[in-house]
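A quick write-up on the structure given underneath.
FYI, it's all coordinate maths here, none of it is from the lab. Everything numeric here is computed off the predicted structure, so don't read it as measured data. Glycine gets a Cβ as well: all are built from the backbone with ideal geometry, and neighbour counts include every protein chain shown.
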Amino acid sequence: MSGGGARLNIFPTRMALTNMKIKLKGAVKGHSLLKKKSDALSMKFRTILGKIAECKEAMGHTMRTASFSLATAKWAAHPVDFKSVVVENVDKASFKLKLTSDNVAGVHLPVFEQLNDNSKLPQEMTGLAKGGQQIQSCRNTYITALEGLVQLASLQTAFVTLDHVIRITNRRVNAIEYVVKPKLENTIQYIMTELDEGEREEFYRLKKIQGKKKRDIAQKESDVAAAIAAKPANAKAPNAKASTSNPSNPSTPFAAAKGDFSDLLEATTSSMPPMKPQEAPSILDDTNGDEAPLLSFD
């Protein structure tokens with residue numbers, strides 16, 4: 001088994017190699033996109049962190065001013081306690097918020113926006129007798145502090161959300177960079193090595209088959225050449241045998257004995273009496289059982 005490092009357990013084929021290359025290409029592209037997303041979120045995170053520091057510093061100064069303004073209003077309205085009067089005059093909320101979202105690299109950050117108009121706030125008759133100006137100044141100061149708190153709440157919520165998303169994104173980036181990509185690369189290297197080894201084995205097998213075929217062809221050619229070389233020597237014997245059995249050749253013993261055989265045949269036929277048809281032996285016909293006369297010699 002070839003290939004080092006962690007890899008996927010897969011059968012090495014061309015289709016598997018193509019699929020692994022497609023997955024590696026997708027992993028590289030996903031890693032690039034997640035890296036860009038992480039960079040964008042980190043930039044926004046640092047921007048929000050700077051705004052939070054500025055807003056907290058401003059809120060400290062605003063809250064000190066509001067507390068001093070409240071103390072001044074209480075001193076100016078003394079001995080009247082205007083707190084109970086303000087609470088009794090409130091019938092509906094004078095400060096309303098709207099929740100919206102800001103999209104940063106696909107991440108929705110919550111943003112709080114103010115809906116009410118401070119110019120249309122109801123003007124109660126609080127402090128009409130004494131300390132009215134200080135009470136109104138205290139009210140405006142606390143409205144400013146409330147707006148700063150809303151802004152700080154938006155920044156703080158976006159900060160927490162971005163921190164969570166950045167951690168997840170960085171975890172995914174690291175997983176792709178140090179786990180997914182090396183595993184896919186090792187798998188591709190393993191498949192390529194196995195395919196190359198299979199091709200070498202196939203080439204060696206074809207070479208062996210080709211060599212065996214060449215040896216068989218050479219053996220057949222040598223056998224045919226040996227048979228052709230041995231054929232003229234074997235063809236001389238039938239010619240000699242035919243010359244001994246040819247009666248037309250007067251030099252053979254058969255031709256020498258032809259005259260004696262013909263004289264013997266004539267003496268035998270002359271000594272035999274003539275045969276008549278009725279005295280000739282008969283044989284039965286195989287088809288109908290009738291006797292068929294034999295040919296007679298006169």
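In this label model, Leu146 and Lys83 are separated by 1.8 nm, measuring between points 7 Å along each Cα→Cβ vector. Spin-label point model (7 Å from Cα, Cβ direction): what's the Gln136 to Ala6 distance in nm? Calculated label separation equals 7.1 nm. Length gained on full extension, Asn19 to Gln114: 28.9 nm, using 0.36 nm per residue less the C-alpha separation.
Cβ crowding within 10 Å ranks Ile188, Ile10 as Ile10, Ile188, fewest other Cβ atoms first. Per-residue Cβ neighbour counts within 10 Å put Phe45, Phe95 in the sequence Phe95, Phe45, beginning with the fewest. Taking one quarter of the surface of the convex hull spanned by the alpha-carbon atoms of segment 180-225 gives a direction-averaged projected area of 2.4 nm².
For segment 134-231, the square roots of the Cα gyration tensor eigenvalues, ordered a ≥ b ≥ c, give a/c of at least 1.5 with a/b greater than b/c, which places it in the prolate category.
Modelled spin labels at Ala230 and Lys51, positioned 7 Å past Cα toward Cβ, are 10.6 nm from each other.
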